[in-house]
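One structure below.
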Amino acid sequence: MVVWCPDWSVVAALDEADRSLRSPAAVLHANIVEVCNGPARAEGVRRGQRRRDAQARCPELVLLPANPDRDARAFEPVLTVVEDLRPGVSALRPGLLAVRAPGSWYGTETAAAATVCQALVESGVWDVRFGIADDLFTAEQASRTAEVQSWTVVPPEESAAFLRGLPVHVLQDDGPRGRELVGLLQRLGLRTLGDLADLPGDAVEHRLGSHGAAVRRRARGEDRTLFAARTPPPELDAEVVFEPPLESVEAITFSVRTTAERFVTQLAQRQLVATGVLVEAESDGVVCSARTWLHPRHFSARDLVDRVHWQLQSAGSTSGPGGSLRARKQSGEVRAPIERVRFVPEVVESAAAHGEALWGSASDDLVERGVARVQGMVGFDAVRRPVLQGGRSPSARQSLVPWGERAVDLRPVDRPWPGRVPGPAPVRVFTTPPIAEVVDDAGREVRVTDRGVVTGEPRRFRLGDATGRQSLPWQPVTAWAGPWPTDESWWSGGAGPSARFQVVGADGRAWLLLRGPEGWSLEAGYD
């Protein structure tokens, strides 16, 4: 039996983005539509289209990035539901799984499909379809002919008859090699799998190679491809129940220490460490606070205790369906009594990849403990560290992330970034750039045309003070370089057409000046 959840990449991406599943959406890879959902297909969007072509057909199309890890993570609960009903599940790919001999457990194949279908729908998977046949390929094609929350059962010994009428483009799901084979078969005038099955086997192998011969065997219902059933993953979650429920943050934090140690120990016994952990707090049977914490190295028991403390004491804790959890920092109490705290490992890695250096890491631990104390006093998000990311301006190339949190969603550094000022990088970058003025020999303001041409050679400049209301005395320009023009998209928050100059004054100090749509400003200094 094959269980198929159509357009799973789009479903997982929309769920992660907290968007409606009815929105027309597509997952893109290299600006090519990789997967699109039913509402998008109704507007003319197709797999393999370029991004601009898809947006031209459906302007309201939601564009989502491809992320195989996200798809596999979102599909894990589906595997668990089926595995609870019938051991021996094999994940063929995110959105598609197979299981052997369901009828032997539930009497008939129809009863097995109905039982699994009901369990998946109750777990929140609405679009699910089933196919049952003698072999894996036929079962997959049968699932693609089924309706939503329904199934197609191919009787024994009738796989070849079922496959004969299917078009050859069903082979496109076999990756790039499958799409290339489909194009060749169509050019040869073969329109259905029955046309391919009727060809002599020797001729097919001679013309199409071993892959073509294997596809012919599938079309004849002779495929006996086996799949390996996965071993159910161990239960690595750890939780503690408070009876009666606790209302004090300090009491909760003290009570989870043993559970945090047990959580880390059971990972260590399997030579694993957690770099991403979901911390959930329940009140009256409902998750009232949930947050996924990421660690730049890996979590220790003390780190987990600190995360529980910060999460419960933070005024902006993530709220679940049962409401929000607000902390009162003055009294150290929470509004909703907490009856359960759970640690769920979301990102687990091998411990060998996080081994300590030869002489240990005592100094790093002392620094982290000192920063953790400061975070406990001023708040988790109040202590930040700078990280480098891609961008054109010096301010765009830096980002601040909370100490102890892994940096995510950063712009890649290795991209070309046309218009970026070459190194060395400036020493100071102004949060609020002061105004500036730059003039030529005749005292006219230096401008940059839309084509990036400078209207005059910079001869004098003056900078604004910290308030931006007054200007410092004029300085002669002893050297300058530029311009580095950019035209960033105004609709996405860009500055529009602008250009950057490096200017050296008579006092020997160097500055990075920006000529934007609203005039000159001081962006950074090299002193």
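The values are calculated or read from the model by the stated rules, or taken from the named source; none is laboratory data. Note that the coordinates shown come from a computational prediction; the quantities given were computed from them, not determined experimentally. Here the Cβ is made from the backbone with ideal geometry for all residues, glycine too, and neighbour counts use every protein chain on show.
I'd like to check something: does region 109-126 contain any residue that is acidic (Asp, Glu) and assigned by TED's automatic domain parsing to the domain that holds Leu79? Yes, because at least one residue in region 109-126 is acidic (Asp, Glu) and assigned by TED's automatic domain parsing to the domain that holds Leu79. Mind listing whichever residues of region 432-448 are more than 40 Å from the chain's Cα centre (by Cα) and surrounded by fewer than 19 Cβ atoms within 10 Å (Cβ to Cβ)? Listed by number, the residues that qualify are Glu437, Val439, Asp440, Asp441, Ala442, Gly443, Arg444, Glu445, Arg447. Leu166 satisfies every condition listed in (1) modelled with pLDDT of 90 or more; (2) not assigned by TED's automatic domain parsing to the domain that holds Gly194 except (2).
Yes or no, residue by residue, for (1) modelled with pLDDT of 80 or more; (2) closer than 30 Å to Thr292 by Cβ; (3) out of contact with any Ser or Thr (no Cβ under 8 Å at 6 or more places or on another chain); (4) not hydroxyl-bearing (Ser, Thr, Tyr):
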residue	(1), (2), (3), (4)
Arg385	yes, yes, yes, yes
Val408	no, yes, yes, yes
Pro424	yes, no, yes, yes
Val427	yes, no, yes, yes
Ala436	yes, no, no, yes
Ala442	yes, no, yes, yes
Arg447	yes, no, no, yes
Phe461	yes, no, yes, yes
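Taking the numbered list (1) over 15 Å from the mean Cα position of the chain (by Cα); (2) modelled with pLDDT of 90 or more in turn, Ala13 passes all entries but (1).
Within region 409-417, is there a residue that is in contact with a Lys or Arg (Cβ under 6 Å, 6 or more places away or on another chain), among the aromatic types (Phe, Trp, Tyr), assigned to a loop (DSSP other than H, G, I, E, B) and at negative phi?
The first filter runs over region 409-417 and keeps only residues in contact with a Lys or Arg (Cβ under 6 Å, 6 or more places away or on another chain), leaving 417.
Among the residues that remain, those that are also among the aromatic types (Phe, Trp, Tyr) are: 417.
Of the ones still in play, those that are also assigned to a loop (DSSP other than H, G, I, E, B) are 417.
Narrowing the set further to residues that are at negative phi leaves none.
Checked region 409-417: no residue is in contact with a Lys or Arg (Cβ under 6 Å, 6 or more places away or on another chain), among the aromatic types (Phe, Trp, Tyr), assigned to a loop (DSSP other than H, G, I, E, B) and at negative phi.
Residue count for region 38-78 satisfying the condition of being under 30 Å from Trp105 (Cα atoms) and touching a strand residue (DSSP E or B) at 6+ places or on another chain (Cβ under 6 Å): 0.
If the condition is being loosely packed, with under 15 Cβ neighbours inside 10 Å and touching a Pro at 6+ places or on another chain (Cβ under 7 Å), then region 282-299 contributes only Val286. The criterion of at least 2 residues that are surrounded by fewer than 16 Cβ atoms within 10 Å (Cβ to Cβ) and in contact (Cβ under 8 Å) with a residue 40 or more places away in the chain is met, among helices (runs of 4 or more DSSP H) falling completely within region 53-169, by 68-85.
Summed over region 418-453, the residues that are part of a loop (DSSP other than H, G, I, E, B) and of a type in the set (Val, Ile, Thr) give a count of 7.
Of all residues in region 146-164, which are charged (D, E, K, R) and over 27 Å from Val125 (Cβ atoms)? Glu157, Glu158, Arg164, listed by residue number.
The set of residues from region 195-225 being assigned to a loop (DSSP other than H, G, I, E, B), among the aliphatic types (A, V, I, L, M) and free of Cβ contacts under 8 Å to residues at least 12 places away in the same chain is empty.
Of everything listed in (1) over 30 Å from Gly276 (Cα atoms); (2) buried (at least 17 other Cβ atoms within 10 Å of the Cβ), the single unmet condition for Pro402 is (1). For region 228-251, enumerate the residues that are out of contact with any helix residue (DSSP H, G or I) (no Cβ under 6 Å at 6 or more places or on another chain) and of a type in the set (A, V, I, L, M). Within region 228-251, Ala228, Ala229, Leu236, Val241, Ala251 meet the criteria.
The condition of being surrounded by 15 or more Cβ atoms within 10 Å (Cβ to Cβ), modelled with pLDDT of 90 or more and part of a strand (DSSP E or B) holds for only one of Val241, Val279, Val264, that being Val279.
For region 282-302, a residue qualifies if it is aliphatic (A, V, I, L, M) and assigned to a helix (DSSP H, G or I), and exactly one does: Ala301. When region 2-29 is limited to residues that are touching a residue at least 60 places away in the same chain (Cβ under 8 Å) and of a type in the set (Gly, Ala, Ser), the one that is surrounded by the fewest Cβ atoms within 10 Å (Cβ to Cβ) turns out to be Ala12.
The residues of region 1-50 that are closer than 30 Å to Ser159 by Cβ and of a type in the set (Lys, Arg), listed by number, are Arg41, Arg46, Arg47.
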